[in-house]
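Colleague: My questions will all concern the structure given below.
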Amino acid sequence: MSNAKSWEAMTLPELKKRVWKTWCHINSWKGELTSPPESYVADVKGFGDRRYKKTWIKALARFEAMFTYETCLDAWALISISFNFTPGHRNYEYRHEIIDEFLMYPDGLEMIKDGLEQLFSTGFTSCERENANGFFKLLEERESEHRGIGRAVGFNRAIAGAGAAT
Amino acid sequence: MPLRKRVTGAIVFRRFTQTIKDNGGDDEAYQLSIQAETEELFGCSVRELYEGTGARRHRRDTLPQPAQEAYMVNESLSANELERLEGTIGGESQDEVNAQITGVVRQQAKQTRKWLPW
């Protein structure tokens, strides 16, 4: 219940700051940037007009998904740490967009399945499994919104405007 | 007799993640720490380590034994250091806290690397 605290919507300047930070994480080596800032501008432009918030949301979701994918050492940690979205999580507001992006990786769904398998196999305490509650809540939300978690989700959402439901 | 378990890489890793949390680190601190220790210990990214060793991605028990041992040693020592620092790590923002935690892990990994045979 303590997780039921309200969260505040991210302002555009905050969002931009976060996009920059995440881009830096995926474009650095031993703490030093490996790409020039011009690449950052070009990368964000690739998501659309930078005057609109939706462009920055897309960039954040893609970069966060990429960072999680690239640094995933143990699949179970995806469930109980990276995607354990609770209202206090820094990316709570854009949790669905991030999962959608993650599922665009050919083995994204497989990684999530492996993570669940690991978490519910051996050696994990019930307390550790509870850490996955944020992820399960997210699944519930997706279920009720008919988003599912299969690979087709990203595709369905992308063409949602066309009303192409299955 | 107290109930004790044989220590495995998974048990060490869980203690390591717990110490990150206990020092105020969030999921980003965890990801940055994994990134930092992998860069320092192996000179590559997590993805490259999995690809280069033919291991099954995101299952560390499929990595070659020396790699698993390197992670285990480094995470054990980093957890000791983070436990020692508990209550002293702070900052004005979550980013600052995360950066300090990642810094501790990176420093430890640089030291650990010196003792590795590669």
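The values are calculated or read from the model by the stated rules, or taken from the named source; none is laboratory data. Remember, it's a predicted structure, so these values are computed and weren't measured experimentally. Every residue, glycine as well, gets a Cβ built from its backbone with ideal geometry; the counts of neighbours run over all protein chains shown.
Colleague: Sort through B:ALA36, B:ALA79 and tell me the only one that's under 18 Å from A:THR68 (Cα atoms) and crowded, with 16+ Cβ neighbours inside 10 Å.
Modeller: The conditions single out B:ALA36.
Colleague: Moving on to the next point. Give region A:114-134 a look and list any residue that's more than 10 Å from chain B (Cβ to nearest Cβ) and hydrophobic (A, V, I, L, M, F, W, C), or say none.
Modeller: A:LEU116, A:LEU119, A:PHE120, A:CYS127, A:ALA132
Colleague: Further question on the same structure: Give the residue, chosen from A:ALA59, A:ALA132, A:ALA75, A:ALA42, that is small (Gly, Ala, Ser) and in contact with a Phe, Trp or Tyr (Cβ under 7 Å, 6 or more places away or on another chain). Before the answer, list the steps.
Modeller: On the way: A:ALA132 fails: in contact with a Phe, Trp or Tyr (Cβ under 7 Å, 6 or more places away or on another chain); A:ALA75 fails: in contact with a Phe, Trp or Tyr (Cβ under 7 Å, 6 or more places away or on another chain); A:ALA42 fails: in contact with a Phe, Trp or Tyr (Cβ under 7 Å, 6 or more places away or on another chain).
Just a single option satisfies the conditions, and that option is A:ALA59.
Colleague: List every residue pair whose Cβ atoms lie under 7 Å apart, where the two residues are 6 or more positions apart in sequence or sit on different chains, the first residue falls within region A:26-43 and is among the charged types (D, E, K, R), and the second residue, located anywhere, is part of a helix (DSSP H, G or I) and modelled with pLDDT of 95 or more.
Modeller: A:LYS30/B:GLU39; A:ASP43/A:TRP23
Listed here are the residues, each with its yes/no results for (1) among the acidic types (Asp, Glu); (2) within 14 Å of B:LEU41 (Cα to Cα).
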| residue | (1), (2) |
| --- | --- |
| B:GLU69 | yes, yes |
| B:GLU81 | yes, no |
| B:THR88 | no, no |
| B:SER93 | no, no |
| B:GLU96 | yes, no |
| B:ILE101 | no, no |
| B:LYS114 | no, yes |
| B:TRP118 | no, yes |
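Colleague: Which ones in region B:52-93 are at pLDDT 95 or above and among the acidic types (Asp, Glu)?
Modeller: Passing the criteria: B:GLU69, B:GLU75, B:GLU81, B:GLU83.
Colleague: Inspect all residues belonging to region B:90-99 and state whether any of them is out of contact with any Pro (no Cβ under 7 Å at 6 or more places or on another chain), within 14 Å of another protein chain (Cβ to nearest Cβ), over 14 Å from B:LEU32 (Cβ atoms) and buried (at least 20 other Cβ atoms within 10 Å of the Cβ).
Modeller: Checked region B:90-99: no residue is out of contact with any Pro (no Cβ under 7 Å at 6 or more places or on another chain), within 14 Å of another protein chain (Cβ to nearest Cβ), over 14 Å from B:LEU32 (Cβ atoms) and buried (at least 20 other Cβ atoms within 10 Å of the Cβ).
Colleague: If B:GLY90 meets every condition in (1) assigned to a loop (DSSP other than H, G, I, E, B); (2) under 30 Å from A:LYS113 (Cα atoms) apart from one, which number is that one?
Modeller: Going through (1) assigned to a loop (DSSP other than H, G, I, E, B); (2) under 30 Å from A:LYS113 (Cα atoms) one by one, B:GLY90 breaks only (2).
Colleague: Further question on the same structure: Name the residues in region A:29-75 that are surrounded by 14 or more Cβ atoms within 10 Å (Cβ to Cβ) and at the interface with another protein chain (Cβ under 9 Å from one of its Cβ atoms), would you?
Modeller: Answer for region A:29-75, where residues must be surrounded by 14 or more Cβ atoms within 10 Å (Cβ to Cβ) and at the interface with another protein chain (Cβ under 9 Å from one of its Cβ atoms): A:GLY31, A:PHE67, A:THR68, A:TYR69, A:GLU70, A:THR71, A:CYS72, A:LEU73, A:ASP74, A:ALA75.
Colleague: Mind checking whether some residue in region A:47-57 is out of contact with any strand residue (DSSP E or B) (no Cβ under 7 Å at 6 or more places or on another chain), of a type in the set (A, V, I, L, M, F, W, C) and touching a residue at least 40 places away in the same chain (Cβ under 8 Å)?
Modeller: Let us first name the residues in region A:47-57 that are out of contact with any strand residue (DSSP E or B) (no Cβ under 7 Å at 6 or more places or on another chain), namely A:47-57.
Still in the running and of a type in the set (A, V, I, L, M, F, W, C): A:47, A:56-57.
With the extra rule that they be touching a residue at least 40 places away in the same chain (Cβ under 8 Å), the set shrinks to A:56-57.
Scanning region A:47-57 turns up at least one residue that is out of contact with any strand residue (DSSP E or B) (no Cβ under 7 Å at 6 or more places or on another chain), of a type in the set (A, V, I, L, M, F, W, C) and touching a residue at least 40 places away in the same chain (Cβ under 8 Å).
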